[in-house]
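The values are calculated or read from the model by the stated rules, or taken from the named source; none is laboratory data. This one's a predicted model, so the numbers in the text were calculated from it and none came from an experiment. Every residue, glycine among them, receives a Cβ derived from its backbone with ideal geometry; neighbour counts consider all protein chains shown. What goes into the accessible areas is simple: the full protein's heavy atoms, side chains included, and nothing from ligands, DNA or RNA. Shrake-Rupley method; radii C 1.70, N 1.55, O 1.52, S 1.80 Å.
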Amino acid sequence: MLGAGERLVLDGRLDETAWQAAPVHERFVQFLPTDRQPPPAGYRTTVQVVAEDNALVIGVRAFDP
């Protein structure tokens, strides 16, 4: 959740303090080509969610070596 008076800037950077406090979800598995397997080394995805007054803002980082 955002602090009082804080607003997210939708610039793709995820560097505001709200992103620092948001939990990072990263325990994802593959669907294709092999179901429920961990991703290959170096390929990682993280997702964070921040609640604004009128919206949920989702931040995704997708790593690709």
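Among the residues here, residue 42 does not qualify as surrounded by 13 or more Cβ atoms within 10 Å (Cβ to Cβ), among the small types (Gly, Ala, Ser) and more than 16 Å from residue 4 (Cα to Cα).
Go through the stretch 5-31 and give me each residue that's open to solvent by less than 90 Å² (accessible area, probe 1.4 Å) and assigned to a helix (DSSP H, G or I). If the condition is that a residue be open to solvent by less than 90 Å² (accessible area, probe 1.4 Å) and assigned to a helix (DSSP H, G or I), then 18, 19, 21 are the ones that fit.
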